[in-house]
Amino acid sequence: MKAKAIATKFVSHEVPDLNHYRNSKVYRLREKINNGENLNREEKNWIAEKVNHNAYFKRAIPLMGYRFGFEDVLKTFLVKQYGDWQEYNAPDKTSLRAMLYGKIDRIVAVSD
């Protein structure tokens, strides 16, 4: 299996080199996944939270002009809450439930 790039630049202005962010959590998690290591619960929950609460991407986490993609570990879910359906991306249902507030009527996995 080919390793996924750590991140790609998505802004047109100058930003520090990607190595400048080696100690960031998102960089370490992307590196961990690329090395074939499994994520623990806290890391999966963190990814679900950051992917669903950013204004730039639906399946990636932005950091200082770089896009850290997590398409290979995310699944798409439809969630029914309070009579409305909403689409979310998360590594699994458990991390999705940890991110959401309130009563969840139903969670449906969407096959890609």
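Report the local net charge at Ala60: Lys and Arg +1, Asp and Glu -1, summed over other residues whose C-beta lies under 9 Å from its C-beta.
With Lys, Arg at +1 and Asp, Glu at -1, the neighbours total +2.
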Under 12 Å Cα-Cα from Lys80, which aspartates and glutamates qualify once same-chain neighbours fewer than 8 residues away are excluded? Asp105
Checked the range 2-55 with the C-alpha gyration tensor, a ≥ b ≥ c its square-rooted eigenvalues, rounded below a/c of 1.5, otherwise prolate if a/b is larger than b/c and oblate if not; verdict oblate
Helix-only CD estimate at 222 nm, as mean residue ellipticity for the chain, using -39500 (n - 2.57) per DSSP H run (n ≥ 4): -7500 deg cm²/dmol
Roughly how tilted is helix 25-34, in degrees to the nearest 10 and between 0 and 90, from the longest Cα axis of the chain? 90
Mind pulling the angle between the C-alpha long axis of helix 41-52 and the longest principal axis of the chain? Nearest 10 degrees, somewhere in 0 to 90. 90
State the extension gain, in nm to one decimal, for the chain segment bounded by Tyr56 and Val11, taking 0.36 nm per residue of separation less the distance between their alpha-carbons. 15.1 nm
Taking all protein chains as present, what is the carbon and sulfur share of the accessible area of the chain, in % to the nearest whole number, probe 1.4 Å? 49
Using 0.36 nm per residue of separation minus the Cα-Cα distance, give me the extension gain between Glu37 and Ile107 in nm, one decimal. 22.5 nm
For Lys25, give me every one of the lysines with a C-alpha distance below 19 angstrom, ignoring sequence neighbours fewer than eight places off in its own chain. Lys4, Lys9, Lys44, Lys50, Lys58
Aspartates and glutamates within cross-link reach of Lys32: Cα-Cα under 19 Å, excluding same-chain residues under 8 positions apart? Glu42, Glu43, Glu49, Glu71, Asp72, Asp92
Taking the solvent-accessible surface of protein heavy atoms with a 1.4 Å probe, what is the per residue accessible area of the chain in Å²? 63
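The values are calculated or read from the model by the stated rules, or taken from the named source; none is laboratory data. As the structure is a computational prediction, the values presented were derived from the model and not from experiment. Reconstructed Cβ throughout: ideal geometry from the backbone, glycine too, with neighbour counts over all protein chains shown. SASA here: full protein model, heavy atoms, side chains in, ligands and nucleic acids out. Shrake-Rupley method; radii C 1.70, N 1.55, O 1.52, S 1.80 Å.
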